[in-house]
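Peer 1: The structure is given below, and queries will be raised subsequently.
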Amino acid sequence: MARRALITGITGQDGSYLAEHLLEQGYEVWGLARGQANPRVSRMRKLLSDVQVVRGDLLDQGSLISAVERVQPDEVYNLGAISFVPMSWEQAELTAEVTGMGVLRMLEAIRVCSGVSRGASAGSSAQICSGQIRFYQASSSEMFGQVSETPQTERTAFHPRSPYGVAKAYGHFLTQNYRESYGMFAVSGILFNHESPRRGAEFVTRKVSLGVARIKLGLATELRLGNLEARRDWGFAGDYVKAMHLMLRAGNPEDYVIGTGRMKSVRELVDAAFSAAGLDWERYVVTDQALHRPAEVDLLCADPKKARAQLGWEPRVSFDELVAMMVESDLRLLTDGGDPDQDSSWP
Ligand code: NAP
Ligand code: GDD
């Protein structure tokens with residue numbers, strides 16, 4: 001019988017790539033979607049017609065229990081979150097509820113539906129049982145925040161710099177705690193920034209690729225950005241979702257850092273993207289203090305050795321290939337009259 005996966009965050013960038021990957025692997029894929037008239041759900045249904053939808057919200061415990069009861073998943077991937085860091089200062093409480101407490105609600109739904117009691121016998125000596133639901137938590141390199149060492153590994157201390165990072169750290173430790181308390185197969189992938197033509201337009205890579213496309217096509221004359229000196233370890237989302245699956249198929253439940261091990265600054269990103277369209281970025285980019293953050297994460301760089309050694313995972317798409325892919329995709333999208341806010345660059 002086909003394995004069954006339940007994905008929260010199915011309408012997001014990673015949800016779409018993960019669903020495609022799992023469908024290719026022969027899974028029956030279910031996506032948890034919220035809202036009574038969420039336009040991103042109909043967009044997702046059009047492009048991922050083999051994904052089945054179950055309604056639910058990370059803010060609503062009962063809906064998660066119902067979803068797990070209905071789907072009877074073998075694997076749950078918790079990708080749902082408020083994921084845009086600046087929004088987490090503006091709506092800190094909501095971020096804590098969705099990105100942090102949402103993890104607790106999902107873990108509780110699995111615990112209750114699996115009949116795992118809170119009794120002492122379910123304590124740290126609990127064994128991983130075959131047939132139990134395996135759980136993946138989308139942890140983030142943003143938890144490292146003000147980094148204490150470079151590159152960052154599974155053992156690097158956390159010093160989150162945003163309410164988002166703090167909420168992710170809560171979800172991370174809670175996942176570890178459910179593994180230790182109840183013997184659940186519950187793991188976290190500490191993923192560094194990963195991008196694609198399906199990336200939301202608010203994130204810097206997509207803001208830049210769309211900006212370049214608009215300027216190239218004469219639809220804009222400038223691109224307004226914040227801190228050009230921040231450095232990130234950017235990879236391709238299609239590569240990273242494969243690591244999520246490998247973590248849930250591994251023999252033991254463990255946490256992994258996933259990234260490329262290479263850092264680039266926002267300035268280098270901008271240079272690469274404008275160059276990909278034959279443009280000189282210095283003629284178009286304007287920096288704006290209003291786009292700087294209350295507390296910045298200056299640099300992030302992964303040490304993905306453990307994932308390579310234990311999961312056999314490696315990123316395939318290079319930084320330059322990723323940037324060229326995104327710029328080409330946005331040039332095509334705008335040339336065809338697409339609306340990035342509605343269509344993004346799906347598929
Ligand atoms: P994304 O595109 O922003 O998608 C976020 C998803 O969360 C959307 O499907 C959204 O659904 C859903 N969501 C928001 N509020 C919800 C709620 N109350 N209940 C249920 N679902 C809700 O994010 P992504 O880039 O795919 O990232 C996936 C996950 O990985 C996130 O948890 C993110 O924090 C984490 N992460 C991402 C990166 C990265 O670089 N991309 C790196 C590390 C970790 P709606 O359509 O209903 O809004
Ligand atoms: N969004 C944005 N817009 N970022 C800008 C801009 C701008 O105009 N100008 C400079 N930046 C800088 C930000 O200050 C940050 O240092 C860097 O570009 C990356 O910003 P984002 O693309 O918004 O991503 P992020 O690093 O804050 O967060 C992403 O990666 C995390 C993993 O490290 C998100 O996907 C998070 O959900 C994820 O956990």
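Peer 1: Apply the Karplus parameterisation 6.51 cos²θ - 1.76 cosθ + 1.60, with θ equal to phi minus 60°, to every residue of the range 315-321 and state each ³J(HN,Hα) to the nearest whole Hz, in sequence, with x for glycine and proline.
Peer 2: x, 9, 8, 7, 4, 5, 5
Peer 1: What number, rounded to the nearest 500 deg cm²/dmol, is the helix-based mean residue ellipticity at 222 nm of the chain, given -39500 (n - 2.57) per DSSP H run of at least four residues and division by all its residues?
Peer 2: It lands at -12000 deg cm²/dmol.
Peer 1: Quick one: what Rg and Dmax do you get for the range 216-347 from the alpha carbons, in Å?
Peer 2: 17.5, 53
Peer 1: Let me ask you something else. Provide Rg and Dmax in Å for the range 142-181, with only Cα atoms included in the calculation.
Peer 2: Cα radius of gyration and Dmax of the range 142-181 are 10.7, 31 Å respectively.
Peer 1: State the volume of the convex hull built on the alpha-carbon positions of the range 19-69, expressed per residue in Å³ and rounded to an integer.
Peer 2: Spread over its residues, the Cα hull of the range 19-69 gives 78 Å³ apiece.
Peer 1: Near LEU32, within a Cβ-to-Cβ distance under 10 Å, what is the net charge of the other residues, with Lys and Arg +1 and Asp and Glu -1? Write out the running numbers ahead of the final one.
Peer 2: On the way: positive: ARG34, ARG55; negative: ASP57.
So the environment of LEU32 carries a net charge of +1.
Peer 1: Kindly provide the pair-distance distribution of the range 93-229 built from C-alpha pairs, with 10 Å bins from 0 and whole-percent values in order of increasing distance.
Peer 2: 11, 30, 28, 19, 9, 4, 1
Peer 1: Determine one quarter of the surface area of the Cα convex hull of the range 219-289, which equals its mean projected area, and express it in nm² to one decimal.
Peer 2: 6.9
Peer 1: Which number comes out as Rg/Rh for the range 49-99 once both Rg and the Kirkwood Rh are worked out on C-alpha atoms? Spell out each step's value before the answer.
Peer 2: Working: Rg = 13.3 Å, Rh = 12.6 Å.
Ratio of gyration radius to Kirkwood radius for the range 49-99: 1.06.
Peer 1: Something else now. Would you mind telling me the antiparallel percentage of the DSSP bridges in the range 30-159, rounded to 5? Write down the numbers at each step before the final one.
Peer 2: On the way: 0 of 8 bridges.
Counting only bridges with both partners in the range 30-159, antiparallel ones make up about 0 percent.
Peer 1: While we're on this one: Per q in 0.13, 0.18, 0.23 1/Å, what log10 I(q)/I(0) does a Debye calculation on the alpha-carbon atoms of the range 160-267 return?
Peer 2: For the requested q values the scattering log ratios are -0.65, -1.02, -1.32.
Peer 1: Determine the share of the chain's accessible area contributed by carbon and sulfur atoms, expressed in whole percent, with a 1.4 angstrom probe.
Peer 2: 46
Peer 1: To continue, here is another question. Among DSSP beta bridges whose residues both lie in the chain, state the antiparallel percentage, nearest 5.
Peer 2: 5
Peer 1: Could you tell me which of the pairs LYS207/LYS306; LYS168/LYS264; LYS207/LYS305; LYS168/LYS306; LYS168/LYS216; LYS46/LYS305 are separated by over 28 angstrom between their Cα atoms in the structure shown?
Peer 2: LYS207/LYS306; LYS207/LYS305; LYS168/LYS216; LYS46/LYS305
Peer 1: Let me ask another. Can you give the charge dipole size of the chain about its Cα centre, rounded to the nearest 20 debye, using +1 on the beta carbon of Lys and Arg and -1 on the beta carbon of Asp and Glu?
Peer 2: Values: 38 positive and 43 negative charges, 128 e Å.
My answer is approximately 620 debye.
Peer 1: Further question: Kindly write out, for the range 241-246 in residue order, the coupling ³J(HN,Hα) from the Karplus curve 6.51 cos²θ - 1.76 cosθ + 1.60 (θ = phi - 60°), rounded to whole Hz, with x marking Gly and Pro.
Peer 2: Rounded to whole hertz, the list is 5, 5, 5, 4, 5, 4.
Peer 1: Based on the alpha-carbon gyration tensor of the range 33-163, what equivalent-ellipsoid semi-axes (square roots of 5 times the eigenvalues) come out, in whole Å, largest first?
Peer 2: Equivalent-ellipsoid dimensions as semi-axes: 26, 24, 15 Å.
Peer 1: How large is the Kirkwood hydrodynamic radius of the range 278-331, counting all unique pairs of alpha carbons, in Å? All intermediate terms of the calculation are to be shown ahead of the outcome.
Peer 2: Working: mean 1/r = 0.0652 Å⁻¹.
One over the average 1/r among Cα pairs gives 15.3 Å for the range 278-331.
Peer 1: Hey, another quick one. Excluding the sites themselves, what is the longest stretch of the chain that contains no trypsin sites (Lys or Arg not before Pro) in a DSSP loop with at most 11 other C-beta atoms within 10 Å?
Peer 2: 156-315
Peer 1: If the range 11-107 were replaced by its equivalent ellipsoid, with semi-axes equal to the square roots of 5 times the Cα gyration tensor eigenvalues, what would those be, largest first, whole Å?
Peer 2: Output for the range 11-107: semi-axes of 23, 16, 13 Å.
Peer 1: Moving to a separate point now. Could you tell me the extents of the chain's C-alpha atoms along the three principal axes, largest first, rounded to whole Å?
Peer 2: That gives 66, 44, 38 Å along the principal axes, largest extent first.
Peer 1: How much accessible area per residue does the chain have, counting only protein heavy atoms and a probe of 1.4 Å, in square angstrom?
Peer 2: 44
The values are calculated or read from the model by the stated rules, or taken from the named source; none is laboratory data. Treat the numbers as computed from the prediction; the structure is a model and nothing was measured. In this analysis, Cβ positions are derived from the backbone assuming ideal geometry, glycine residues included, and neighbour counts consider all displayed protein chains. Ligands, DNA and RNA are excluded from the accessible area calculation, which covers all protein heavy atoms including side chains. Shrake-Rupley method; radii C 1.70, N 1.55, O 1.52, S 1.80 Å.
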